[in-house]
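> Before I ask anything, here is the structure I am working with.
The values are calculated or read from the model by the stated rules, or taken from the named source; none is laboratory data. Since the model is a prediction, treat every value here as computed from it, not as a measurement. Heads up, the Cβs are rebuilt from the backbone with ideal geometry, glycines too, and the neighbour counts pull from every protein chain shown. Keep in mind that these areas ignore ligands, DNA and RNA; they rest on the heavy atoms of the full protein, side chains included. Shrake-Rupley method; radii C 1.70, N 1.55, O 1.52, S 1.80 Å.
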There are 2 protein chains.
Amino acid sequence: MAPPQQITQLFDKIDSLKPQFIQRLADAVAIPSVSADAEHRPKVVEMAKWMEKQLADLGATDIQLKELGIEEGTKDLHLPPIVLARYGTDPSKKNVLIYGHYDVQPALKEDGWNTDPFKLVQEGDCLYGRGSTDDKGPVVDWLNILQAHNELKLDIPVNLVFCFEGMEESGSLGLDDLIKAEAEKYFKGVDAVCISDNYWLGDSHPVLTYGVRGVSYYTITVEGPAADLHSGLFGGVVHEPMIDLSHVFSKLVDPKGNILIPGIAEMVAPLTKEEDALYDNIKFGLDGFEHNIGSQTVIHDNVKPALQARWRYPSLSIHGVEGAFYNPGAKTVIPAKVVGKFSIRTVPNIEPRKLDEVVFAHVNKVFSELGSKNKCTVELLHDGDYWVSDPNNWSFRAARRATKDVWGVEPDLTREGGSIPITLSFQDNLKTSVILLPVGRGDDGAHSTNEKINVSNYIQGAKTLGAYLHYLADEQKDA
Amino acid sequence: MAPPQQITQLFDKIDSLKPQFIQRLADAVAIPSVSADAEHRPKVVEMAKWMEKQLADLGATDIQLKELGIEEGTKDLHLPPIVLARYGTDPSKKNVLIYGHYDVQPALKEDGWNTDPFKLVQEGDCLYGRGSTDDKGPVVDWLNILQAHNELKLDIPVNLVFCFEGMEESGSLGLDDLIKAEAEKYFKGVDAVCISDNYWLGDSHPVLTYGVRGVSYYTITVEGPAADLHSGLFGGVVHEPMIDLSHVFSKLVDPKGNILIPGIAEMVAPLTKEEDALYDNIKFGLDGFEHNIGSQTVIHDNVKPALQARWRYPSLSIHGVEGAFYNPGAKTVIPAKVVGKFSIRTVPNIEPRKLDEVVFAHVNKVFSELGSKNKCTVELLHDGDYWVSDPNNWSFRAARRATKDVWGVEPDLTREGGSIPITLSFQDNLKTSVILLPVGRGDDGAHSTNEKINVSNYIQGAKTLGAYLHYLADEQKDA
């Protein structure tokens, strides 16, 4: 079915504005808005002001740079502001909140970049530069859409509420509080949230993302002697904390990834036929995983269970040990106190507090069975809940129609294995549905050297996001 | 039985020289001969020259400062010389090689010393200062003995061959080669070797030491992905090297110190009734161990099995992991490559190459049973053999008589849990018996802050070492 005329018109306009859109992204990439680094903080603020000016020039209203105060642990380092803006205030229209971030990961040419990371460089279909795909490309695409509509004098059939933060790469400091504070104020009446800050699964097929796993991060502290000991003097004489910890570690998860903690499997929502079927036609192969990890060490022999393992089942990873010998070479130490680190990726319907209960009980039981005289403590370091949306709700239906118009295919419905805490924060505080609608590809190298976005993704992305807004107006909100 | 008259005379002389002996130790401690630190190297050399002058003034002959060349890994840092000297060359006498070291561990006041570490300070019966017990006290005692005999015009009934090195605290670089090179030259005809560079087990009962454990240090490398992965993206999808390693670790040793590698227990020399009896009357309790480690986490409920575990049984310690997350806080990393470090303390009759065989076979078998697609490599990093002497041989008989004369008690016969590679090097290259005859106490804090030697140990130590020389002449060499 051909798209409606105003959408075809929009697509043509976007195509014709391609050079201007690329220049706009180049201008954004040129500002090194690295949030992790205090010295770059003025550049992050400069980027916020660039966003403010762009939004104002494009007709946004009620633009506010929300100050978030001093960064915790610093003397006088101000957090960069969150940029809020509106485009349209027609009370008869639905309200869509658009989230993105204007800060970027650190980047130095000498890290291995082929080009200056803060100069957008086009080679073939690729635009290289820090932030090109994460997340300046998508953010600038929202600006591009405003320009296209303005030039066409085409109405956007929904009201837009923009929320752009400048600390996403550094823990989204201040965002959660702001969402709570503005839920009934600036964000009042929001009907849907759209976030474009993740990626296609592979490099050829568009996706819509309807879930992320949560994470609960634990420490196991085993302590015995008052100070590190020499293994010559005390090897065989004392209970060694590192030996105890190794035994506890081995009782958490087996080498094939099966979690050995009783009670967790029972919490996992059963896989329905319908959900299982969602995995049948995903355009991604085991070779895609192998390419990502650079080795043939995927646990599963087929892609379907591997994807389900990443997206809809919990996993347990052992990250390391604090307090033991970690340098190259040999040291004959018996570490006196070791802190083992592991985390569990959570999925529906694992409740964090119930998870803590079974984890603590298991670790304590396993340790007590060792018969060691050392002391063992297990603690939760931090957690974040999973998020799952209904991939058939009105927002997803709109995004699916938009994607089909632009790419000519049904998008794959994906989840993310990693957590994106803001999804849940928006959903819970605004009592609304969230969609992750990515622009970039899985091979873009966000956070890596030579980060890029394909010109085609950047331009087709603008079309997809634009069409999505039109179809949102058209779709009936679910009950 | 009262000691012979010349020994009583010697003891009286030593007592009368106490102030001069303490001053000699103060002079030695005042030279900060820290071998670990290139900047201090001139001080180490200065200390060698101080030794040379002392020996010459006391009538030693054939004094040589053996140059050992440039320290490996440095451009032009000369190793400190090994000081060789003779006292007596009567072909009718036995020849005794005396080993000691004139270098010390690093020490800074701000590390927690109560006094300047390079100024000998007396408080009550204690002489505080870096090197006071390790090993300048014992080394200077040998000089003190020469002075006492000189003043008494008393003949030393054995010829002495001194070998004092300046790199003991930094791996004894160059010593092994020198021993080999001089075995048939400077050291030709040596009948016994005496090393005073270890300590009493506790703080009240003298000991003679007849054995040290060896050590074989291994690495287990488990590698999978080409680079570290994010546990959100790949947790549950890939075989994690750190999980594999934890499982292998747990199959090496149990929390009670039992080695789980088949074939090692069979190599250990059976405990005879005679040897077992050596442990019955050792003046050291479980509380001594608990005091040493600062906790009540000794595996054994009685001191005898704890001492046997330290001295005459092998042990396996897990030291740490290279490549995993080791900092405080949380990092959701799946380490791509981890290197586990463990070592085995060896005892008679474990042969290092046979040990390697069973270790490699076990680790490979355990890993293959995990069903992981990762790669595992087990390697030997370094090893050093155990050393055990006959605690009833002529050198030990002489030392026992000397100890009884001075302390009025039978010395405990001890071993060391840690390795002292030079024992074996002297024994094997000179084809002779070695005795460890300590001067200091177990609580002296060698290598620690506020290192001390008791005045009583220092003075009685000189008597013990002196009487030992007389009884060596008296004892019949074993066949």
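> Give the average, rounded to an integer, of partner chain Cβ atoms located within 10 angstrom of each Cβ in B:286-295.
4
> Which value in Å is the Kirkwood Rh of segment A:263-349 over different Cα pairs?
Value: 16.2 Å, from the Cα pair sum.
> Please find the FRET efficiency linking A:Ser456 to A:Glu46, where r is the Cβ-Cβ separation and R0 is fixed at 25 Å, and quote it to the nearest 0.05.
Efficiency for this residue pair is about 0.25.
> For a quick size check, give me the Cα extents of segment A:18-88 along its three principal axes, largest first, whole Å.
Principal-axis extents of the Cα atoms in segment A:18-88, largest first: 42, 27, 11 Å.
> Nearest 20 debye, what's the magnitude of the dipole of segment A:314-370 about its Cα centre given +1 on Lys and Arg Cβ and -1 on Asp and Glu Cβ?
Computed about the Cα centre, the dipole is about 120 debye.
> Taking a virtual spin label 7 Å from the Cα of B:Lys18 along the C-beta vector, which residues in segment B:435-467 bring their backbone nitrogen under 16 Å of it?
So the set is B:453-464.
> B plus A alone minus the pair: what accessible area, both sides summed, probe 1.4 Å, in Å² to 100?
Chain pair B/A: roughly 5900 Å² of buried accessible area.
> Ignoring everything except DSSP H segments at least 4 long, calculate the 222 nm mean residue ellipticity for the protein assembly as shown; use -39,500 (n - 2.57) per segment, divide by total residues, nearest 500.
One gets -11000 deg cm²/dmol as the mean residue ellipticity at 222 nm.
> Collect residues whose amide H, placed 1.01 Å from N in the peptide plane, falls under 5 Å from the amide H of B:Asp197; neighbours closer than 5 in sequence don't count.
Placed amide hydrogens put B:Leu437 under 5 Å from B:Asp197.
> Using only the alpha carbon atoms of segment A:188-231, find the Kirkwood hydrodynamic radius as the inverse mean reciprocal pair distance, in angstroms to one decimal.
Evaluated on segment A:188-231, it is 16.7 Å.
> How large is the direction-averaged shadow of the alpha-carbon convex hull of the protein assembly as shown, in nm²?
Over all viewing directions, the protein assembly as shown projects a mean Cα-hull area of 44.1 nm².
> When DSSP beta bridges are limited to those with both residues in segment A:45-164, what percentage is antiparallel, rounded to the nearest 5?
That works out to approximately 70 percent antiparallel.
> If you don't mind, there's one more thing I want to ask. How large is the accessible surface of A:Ser295 in square angstrom, using a 1.4 angstrom probe and rounding to the nearest 10?
Ignoring ligands and nucleic acids, A:Ser295 comes out at about 20 Å².
> Can you return the lysines within cross-link range of B:Lys337? Criterion is Cα-Cα under 16 Å, with same-chain partners fewer than 8 residues away left out.
B:Lys373, B:Lys375
> Take every DSSP beta bridge whose two residues both sit in the protein assembly as shown, then give the antiparallel share in percent to the nearest 5.
Around 70 percent antiparallel, to the nearest 5.
> OK, next. Over segment B:119-251, what percent of the accessible surface lies on carbon and sulfur atoms, probe 1.4 Å?
The C+S portion of the solvent-accessible surface of segment B:119-251 is 50 percent.
> Oh, and also: Could you pull the Cα extents of chain B along its three principal axes, largest to smallest, in whole Å?
82, 53, 46
> Between Rg and the Kirkwood Rh of segment A:118-165, both from Cα atoms, what is the Rg to Rh ratio?
Ratio of gyration radius to Kirkwood radius for segment A:118-165: 1.08.
> Quantify, in whole percent, the carbon and sulfur part of the accessible surface of segment A:322-479 (1.4 Å probe; protein heavy atoms only).
In segment A:322-479, the share of accessible area belonging to carbon and sulfur is 48 percent.
> Here's a follow-up. Just the C-alpha atoms of segment B:1-158: what Rg/Rh do they give, with Rh taken as the Kirkwood radius?
That ratio equals 1.01.
> I want to verify the translational diffusion coefficient of segment A:361-473 in µm²/s; compute it with Stokes-Einstein, Rh as the Kirkwood radius over Cα pairs, at 10 °C and 1.306 mPa s.
90
> Another question about this same structure. Return the inverse of the average 1/r over all pairs of distinct C-alpha atoms in segment A:247-296, which is the Kirkwood hydrodynamic radius, in Å to one decimal.
14.1
> Ordering A:Thr8, A:Thr115 by accessible area with a probe of 1.4 Å, largest first, what comes out?
Result of the area sort, largest leading: A:Thr8, A:Thr115.
> Under 8 Å for C-alpha pairs, at least 6 residues apart: give me the relative contact order for segment B:183-339, rounded to a whole percent.
38
> Considering only DSSP beta bridges whose two residues both sit in chain B, what percent are antiparallel, to the nearest 5?
70
> How far apart, in nanometres, would the label points at A:Gln476 and A:Thr377 be if each is projected 7 angstrom from Cα along the Cα-to-Cβ direction?
So the label points at A:Gln476 and A:Thr377 sit 5.8 nm apart.
> I would also like to ask the following. For B:Asp177, what accessible surface area do you get with a 1.4 Å probe? Give it in Å², rounded to 10.
About 110 Å², rounded to the nearest 10.
> For the pair B:Lys431 and B:Lys53, what calculated FRET efficiency results from E = 1/(1 + (r/R0)^6), where r is the Cβ-Cβ distance and R0 = 22 Å, to the nearest 0.05?
Given R0 = 22 Å and the Cβ-Cβ separation, E is 0.10.
> I'd like to check one number: the per residue accessible area of the protein assembly as shown, probe 1.4 Å, reported in Å² as a whole number.
38
> Compare A:Tyr386, A:Tyr99 by solvent-accessible area with a 1.4 Å probe and give them largest first, with all protein chains kept in place.
A:Tyr386, A:Tyr99
> Same structure, new question: Just round it to a whole percent: the fraction of Cα-Cα distances in segment A:89-231 exceeding 20 Å.
Counting pairs separated by more than 20 Å, the tail of P(r) holds 66 percent.
> Also, I was wondering about something else. Once label points are set 7 Å from the Cα along Cα→Cβ at both B:Leu152 and B:Val358, what is their separation, rounded to one decimal in nm?
My value for the distance between the label points is 5.0 nm.
> OK, next. Give the ranking of B:Asp383, B:Asp244 by solvent-accessible surface, highest area first, calculated with a 1.4 Å probe.
B:Asp383, B:Asp244
> Cross-chain or 8 or more residues apart, Cα under 26 Å: how many lysine pairs in segment B:49-150 fit that? Count them up, please.
18
> Roughly how crowded by other chains is peptide A:250-259, in terms of the mean Cβ count from those chains within 10 Å of each of its Cβ atoms?
Average per residue, whole number: 6.
> Evaluate the charge dipole of the protein assembly as shown about its Cα centre and quote only its size in Debye, nearest 20, assuming +1 on the Cβ of each Lys and Arg and -1 on the Cβ of each Asp and Glu.
So the dipole magnitude of the protein assembly as shown works out to roughly 620 debye.
> Given a Förster distance of 35 angstrom, what is the FRET efficiency for A:Glu123 paired with A:Glu184, based on the Cβ-Cβ distance and rounded to 0.05?
E(calc), rounded to 0.05, equals 0.15.
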